[in-house]
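What follows is a single structure, written as structure tokens, with notes after it.
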Amino acid sequence: MASTVEATRDAYSMFYILDPHFHTCSLFTMSARLFILVFLLLTGKMPSSFAVESQIVPTAMPSGGLKSAGEFFAAIDAQCQPNWSQIVPSPAATTPPAREALALQLGVLFTDAFAAIQANNGQGVKNTLHEITALTKKLNLNQNILARNKCISDFADKGSWDELQLEITSAQEDVITGMRRQNDRDLIVFLLAGSWIRQIDIATTLLTTNPKPELASLLAQSSAAEELLAGFEKLPEPIRKGNLSVMLFQGLLAARDSMLKTSGGSLPDSAIKELSPTMTHILNHIANPAPRP
């Protein structure tokens, strides 16, 4: 083990020599990659076609059918390689929202960040990061993301898209961890809902110019909708019966019903045409939330 540590340290020194711009962000990312590689080697679980780059695809944070935006977009890109630059960032909220609405917006923004990465739009990532930081400050969670801001900005400037995937994924996980620590577990439901709703909205937009059965099949996510609906049903009654929750619950029900209309594992055009306005309606409410009564 000592020889392994020494070899790793020597490797870091070589990275500094070869790249004078190598910094702690790169060091952290390389450490994660080397750890995965060393672990697989020591445990004998090395797959036959192992590639370090394949290990940085974000995994789904929740269990069940709900996927992270990074994972969902990677699946879309693998199937269709669409024009991600056509995706327009979601509008910022125009009124001071409640905490639940803030969490919803955060979910939408994290998905926007992943979409900007897919489009290789570093400035778009930085713009979205600025909005995310502002919202986390309102929720007293900015300390959970400020530590990553410089790394994310540096990676965006350098076009280090794989590293950005890791950092944005970790930033979202940090925010969710912060919500748990503050006993704001209810907000996690709203964050995940916002992220998923924006994912489906983006996918339906891409489908209009990429009418492929493979992409339509990726939209058949009734189990993810069921998972989110179950989360809303467990919310405390005052939150569950609020206008925002009722609107979201109804929208998720409509999305689930559309996604159940599968044919051969794919969604028919009629179901896709139902999904798009449903997502647009929800996102408009997220961007312009009604004030609390």
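Computed values, structure above
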| quantity | calculated |
| --- | --- |
| Residue that is nearest to Ala92 (Cα to Cα) [pool: residues in segment 282-293 that are of a type outside the set (Gly, Ala, Ser) and either open to solvent by 20 Å² or more (accessible area, probe 1.4 Å) or in a loop (DSSP other than H, G, I, E, B) (or both)] | Asn288 |
| Test: residue in segment 117-138 that is at pLDDT below 95, basic (Lys, Arg) and open to solvent by 20 Å² or more (accessible area, probe 1.4 Å) | yes |
| Residues located in segment 81-101, provided they are under 16 Å from the mean Cα position of the chain (by Cα) and closer than 30 Å to Pro238 by Cβ | Ser90 |
| Any hit, segment 268-281, residues being within 22 Å of Ala115 (Cα to Cα), touching an Asp or Glu at 6+ places or on another chain (Cβ under 8 Å), open to solvent by 10 Å² or more (accessible area, probe 1.4 Å) and in a helix (DSSP H, G or I) | yes |
| Qualifying residue in segment 195-205 (condition: β-branched (Val, Ile, Thr), buried (at least 19 other Cβ atoms within 10 Å of the Cβ) and within 22 Å of Arg148 (Cβ to Cβ)) | no |
| All positions within segment 139-164 that are modelled with pLDDT under 95 and touching a Gly at 6+ places or on another chain (Cβ under 6 Å) | Leu141, Asn144 |
| Residue ID - farthest from the chain's Cα centre (by Cα), chosen from residues in segment 120-162 that are over 19 Å from Glu71 (Cα atoms) and assigned to a loop (DSSP other than H, G, I, E, B) | Asn140 |
| Some residue of segment 242-260 being outside any helix (DSSP H, G or I), touching a residue at least 12 places away in the same chain (Cβ under 8 Å) and open to solvent by 70 Å² or more (accessible area, probe 1.4 Å) | yes |
| Every residue from segment 206-241 that is in a loop (DSSP other than H, G, I, E, B), open to solvent by 20 Å² or more (accessible area, probe 1.4 Å) and under 15 Å from Pro82 (Cβ atoms) | Asn210, Pro211, Lys212 |
| Residue in segment 99-111 that is within 23 Å of Thr209 (Cα to Cα), in contact (Cβ under 8 Å) with a residue 60 or more places away in the chain and out of contact with any Pro (no Cβ under 9 Å at 6 or more places or on another chain) present | yes |
| Glu167, sole failed condition from (1) more than 15 Å from the chain's Cα centre (by Cα); (2) crowded, with 18+ Cβ neighbours inside 10 Å | (1) |
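The values are calculated or read from the model by the stated rules, or taken from the named source; none is laboratory data. Small disclaimer: the values here were computed from a predicted structure and weren't measured. Counting neighbours? That spans all protein chains shown, and the Cβs are built from the backbone with ideal geometry, glycine included. All accessible areas refer to the heavy atoms of the entire protein, side chains included, with ligands and DNA or RNA removed. Shrake-Rupley method; radii C 1.70, N 1.55, O 1.52, S 1.80 Å.
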